[in-house]
Amino acid sequence: MSSPGLILLLSGPNLNLLGEREPAIYGPGTLADHVAVATAAASNRGYALEHVQTNHEGSLVEAVHAARGRAEAIIVNAGALSHTSWSLHDALAAFEGVVVELHLSNPAAREPFRHTSVIAPVSDGCIAGFGGIGYDLAVEAVDKLLTAPRVG
Ligand code: DQA
């Protein structure tokens, strides 16, 4: 039997503090809670999921490099690096699989500096503003992009 397709879930700076960090914005769930949701959603659809959290931009870039030729998809909540990191943009541009940008909050409804995502141009789409539900939705989006016939 062939091994299941791999989804890489990437979490950027400060997401290790979820549960304690600004719960009114990011909710009460911990990162471990969200990873568990994503892992179950992936497993239910026949995928394996690996998770990497780092507070370092270069480590995020290296995790994307390591996924090349290995993972079918990357789900990335890059935290504030979503708004600033052209090196992450370039790394994702060199990844040949599906890329889903993910945010717990809705950056478009927050401070102006959060309104631009520099990784949006190299993502297939973005799921934002649904709190922890987004982790399930992101896996569903990956699965549909990889398997469902495209109607648009
Ligand atoms: C975030 C939104 C970013 O603007 C912020 O810097 C984060 C978390 C989110 O999940 O809502 O760290 O990516």
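The values are calculated or read from the model by the stated rules, or taken from the named source; none is laboratory data. These figures come from a predicted structure and were not determined experimentally. Here the Cβ positions follow ideal geometry from the backbone for every residue, glycine too, while neighbour counts run over all protein chains shown. Note: areas computed on protein heavy atoms with side chains; ligands, DNA, RNA excluded. Shrake-Rupley method; radii C 1.70, N 1.55, O 1.52, S 1.80 Å.
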Report the FRET efficiency, 1/(1 + (r/R0)^6), for His56 and Thr116, where r is their Cβ-Cβ distance and R0 is 22 Å, rounded to 0.05.
0.50
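Using 0.36 nm times the number of residues separating Asp90 and Asn44, minus their current alpha carbon distance, what extension gain do you get? Each step should come with its number before you reach the end.
Values: separation 46, 0.36 × 46 = 16.56 nm, distance 3.15 nm.
Here the segment from Asp90 to Asn44 would lengthen by 13.4 nm.
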Under the Kirkwood approximation for Rh and a Cα-based Rg, what ratio Rg/Rh is obtained for the chain?
0.94
Accessible area per residue for the chain in Å², computed with a 1.4 Å probe and the full protein assembly in place, what is it?
49 Å²
For the stretch 6-146, which whole percent of the accessible surface, found with a 1.4 angstrom probe, sits on carbon and sulfur atoms?
55 percent
Glu20-Ile133 pseudo-label distance in nm [points 7 Å out on the Cα-to-Cβ vector]:
2.9 nm
Suppose accessible area is computed on protein heavy atoms with a 1.4 Å probe; arrange Ser59, Ser123 from highest to lowest.
Ser59, Ser123
Can you give the angle from 0 to 90° between the axis of helix 57-67 and the longest principal axis of the chain, with both taken from C-alpha atoms, to the nearest 10?
10 degrees
Based on DSSP H runs of at least 4 residues, each adding -39500 (n - 2.57), what is the mean residue ellipticity at 222 nm of the chain after dividing by all its residues, to the nearest 500 deg cm²/dmol?
-10000 deg cm²/dmol
Largest-first principal axis extents, alpha carbons of the stretch 1-75, Å:
44, 30, 13
Round to the nearest 10 and give me the degree value, 0 to 90, for the angle of helix 133-147's Cα axis relative to the longest principal axis of the chain.
30 degrees
Please pull out the direction-averaged projected area of the stretch 44-85, using the convex hull of its alpha-carbon atoms, in nm² to one decimal place.
3.5 nm²
